[in-house]
């Protein structure tokens, strides 16, 4: 569903978003999600060791193509500081574009929104290191 150019643009979007925040953003894509996408995202969050950031501020953007399911999971450092509906705008952006089969645009805009949201709570710090890979993982 994504071309190589789309994947490269998504990775670039992650890098740009992470220039605004010390938060770490990752994207995982499954072809299909047979169950609850939030449960799947939580499972992947652990498998990808996203909890291993210094400030516990990792974010996983999860989607499955065939059934157009999405979920966004933030680590405990984020969840302790943000409102419950913090990810609603990013999730809405993705859902809107997925309905039109514009997956790459939905992912890119959700990443941008997540970076903008995170910079309020986790601004970029001098000497910030990229703690997690920006590469898309596939399932």
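No value in this document is a laboratory result; all are computed from the given coordinates. Since we're looking at a predicted model, the values are computed, not measured. Heads up, the Cβs are rebuilt from the backbone with ideal geometry, glycines too, and the neighbour counts pull from every protein chain shown.
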inquiry  = Between (i) 16.6, 55; (ii) 14.3, 50; (iii) 13.7, 42, which entry matches Rg and Dmax of the Cα atoms in Å as derived from the coordinates of this structure?
reply    = (iii)
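For the stretch 4-138, what's the relative contact order in percent, using C-alpha pairs closer than 8 Å and at least 6 residues apart?
Values: 213 pairs, mean separation 51.3, N = 135.
Relative contact order of the stretch 4-138: 38 percent.
With a ≥ b ≥ c taken as the square roots of the eigenvalues of the C-alpha gyration tensor of the stretch 48-113, please select rounded if a/c is under 1.5 and otherwise prolate if a/b is larger than b/c or oblate if it is not? Don't skip to the answer; put the middle values down first.
Values: a/c = 2.52, a/b = 1.86, b/c = 1.36.
Note, shape of the stretch 48-113 comes out prolate.
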request  = Would you mind checking the tilt of helix 103-121 against the longest principal axis of the Cα atoms of the chain, expressed as 0 to 90 degrees and rounded to 10?
outcome  = 20 degrees
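To the nearest 500 deg cm²/dmol, what mean residue ellipticity at 222 nm is calculated for the chain from DSSP H runs of n ≥ 4 alone, each contributing -39,500 (n - 2.57), summed and divided by the residues? Don't jump to the answer; show the numbers that get you there.
Numbers: 5 runs with 61 residues, N = 139.
The per-residue figure over the chain is -13500 deg cm²/dmol.
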ask   = For the pair residue 31 and residue 133, how long in nm is the line joining their label points, each one 7 Å along Cα→Cβ?
value = 2.0 nm
task = Would you mind ranking 26, 120 by Cβ crowding within 10 Å, fewest neighbours first?
result = 120, 26
key: Gap separating the Cα centres of the stretch 1-76 and the stretch 103-139, nearest whole Å   = 9 Å
query = What is the helix-to-structure angle for 4-18, meaning the angle in degrees between its Cα long axis and the longest Cα principal axis of the chain, kept from 0 to 90 and rounded to the nearest 10?
reply = 30 degrees
